[in-house]
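Colleague: What follows is a single structure, and I will ask about it in a moment.
The values are calculated or read from the model by the stated rules, or taken from the named source; none is laboratory data. Note that this is a predicted model, so its numbers are computed, not measured. Cβ sites come from the backbone with ideal geometry, for glycine too, and all protein chains shown count toward neighbours. What goes into the accessible areas is simple: the full protein's heavy atoms, side chains included, and nothing from ligands, DNA or RNA. Shrake-Rupley method; radii C 1.70, N 1.55, O 1.52, S 1.80 Å.
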Amino acid sequence: MEFDVIQRVSLIDPPAAVNLHTWHLEGTNLVESLKRLGDLPGIFRDARAFALMDPDTVVYRVQAYMPTTEGTEGGLYFGTTVIEPGTVGGEYFMTRGHSHARADRAEFYWGVKGQGVLLLLTPGGTIRAERISAGSLHYIDANTAHRVANTGDEPLIFGASWPSDAGHNYAEIASQGFGARVVIGASGTPEIIVV
Ligand code: M6P
Ligand code: ZN
């Protein structure tokens with residue numbers, strides 16, 4: 001069979017790719033950040049234990065594929081976060097945690113590898129916690145602050161996708177805290193304590 005060719009569309013490779021083993025992103029428009037303990041003062045409860053640890057210790061890395069300018073309405077971003085295993089005085093390594101600058105923007109997280117906890121906090125002060133493991137899918141509702149702790153003994157990898165006009169609001173959590181902490185409990189397993 002023959003087609004009448006009006007125009008040929010060239011077939012190209014997309015500008016970015018995800019390595020499905022490591023979830024490392026490759027390509028263009030990638031933004032990367034690395035957080036060491038020294039970048040996270042005041043996040044963990046035990047300030048004494050924190051002060052005794054090496055501030056150069058890597059806590060987590062983020063890679064984000066940002067194909068549109070930050071603030072663009074209607075766009076999407078895609079990210080991968082790897083949190084190292086460890087604790088500060090028995091409190092698991094975790095992300096800084098944030099709400100969205102445009103608070104009415106939602107987000108997806110999903111577990112790739114390892115074990116963790118997603119803490120969720122509503123403006124009314126309701127705290128929820130979801131278990132993260134390979135394949136877990138987490139819908140972070142609008143107006144909900146979110147933070148992830150690695151509760152396992154290997155790196156925790158999770159993916160994320162959020163609107164390009166969501167932005168980050170770190171001030172809210174910095175001033176009022178998260179209301180809950182993920183710690184090693186008496187039995188040696190993760191416990192969520194309200195503080
Ligand atoms: C996910 C996304 C990012 C976020 C990152 C680390 O990849 O939610 O927007 O930056 O986690 O979280 P935080 O910014 O709270 O340190
Ligand atoms: Zn977010």
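Colleague: Report Rg(Cα)/(2.2 N^0.38 Å) for the chain, keeping two decimals.
Modeller: 1.17
Colleague: So how long is each side of the range 65-153 along the principal axes, counting just the alpha-carbon atoms, biggest first, in Å?
Modeller: Sorted from largest, the Cα extents of the range 65-153 read 40, 32, 23 Å.
Colleague: For the range 13-80, state which GluC sites (Glu not before Pro) are in a DSSP loop and have at most 15 other beta carbons lying within 10 Å of their beta carbon.
Modeller: On the way: sites: GLU26, GLU32, GLU70, GLU73; in loops: GLU70, GLU73.
Here the sparse-neighbourhood loop sites are GLU70, GLU73.
Colleague: At 7 Å along Cα-to-Cβ for each site, give me the label-to-label distance between ILE192 and LEU20 in nm.
Modeller: Here the answer is 3.1 nm between the modelled labels.
Colleague: Here's a follow-up. What is the calculated FRET efficiency for LEU76 to ARG48, with r their C-beta to C-beta distance and R₀ = 41 Å, to the nearest 0.05? Write down the numbers at each step before the final one.
Modeller: On the way: r = 42 Å, r/R0 = 1.02.
With R0 = 41 Å, the Cβ-Cβ based efficiency is 0.45.
Colleague: Note down the relative contact order for the range 39-195 as a percent, whole number, built from C-alpha pairs under 8 angstrom at least six residues apart.
Modeller: 28
Colleague: So what J values fall out for the range 32-48 if you push phi through Karplus, 6.51 cos²θ - 1.76 cosθ + 1.60 with θ = phi - 60°, rounded to Hz, Gly and Pro as x?
Modeller: 10, 9, 10, 10, 9, 3, x, 8, 10, x, x, 7, 8, 6, 8, 5, 5
Colleague: Any idea of the accessible area per residue across the chain, 1.4 Å probe, to the nearest Å²?
Modeller: With the other protein chains kept in place, the chain gives 57 Å² per residue.
Colleague: Using a probe of 1.4 angstrom, how much of the accessible area of the chain is carbon and sulfur, in percent?
Modeller: Values: 5920 of 11030 Å².
C and S fraction of accessible area: 54 percent.
Colleague: How high is the relative contact order of the range 52-115, in percent, counting Cα pairs under 8 Å that sit 6 or more residues apart?
Modeller: Numbers: 45 pairs, mean separation 16.8, N = 64.
It rounds to 26 percent for the range 52-115.
Colleague: Classify the range 19-69 from the C-alpha gyration tensor, please: rounded if a/c falls under 1.5, else prolate or oblate depending on whether a/b exceeds b/c.
Modeller: prolate
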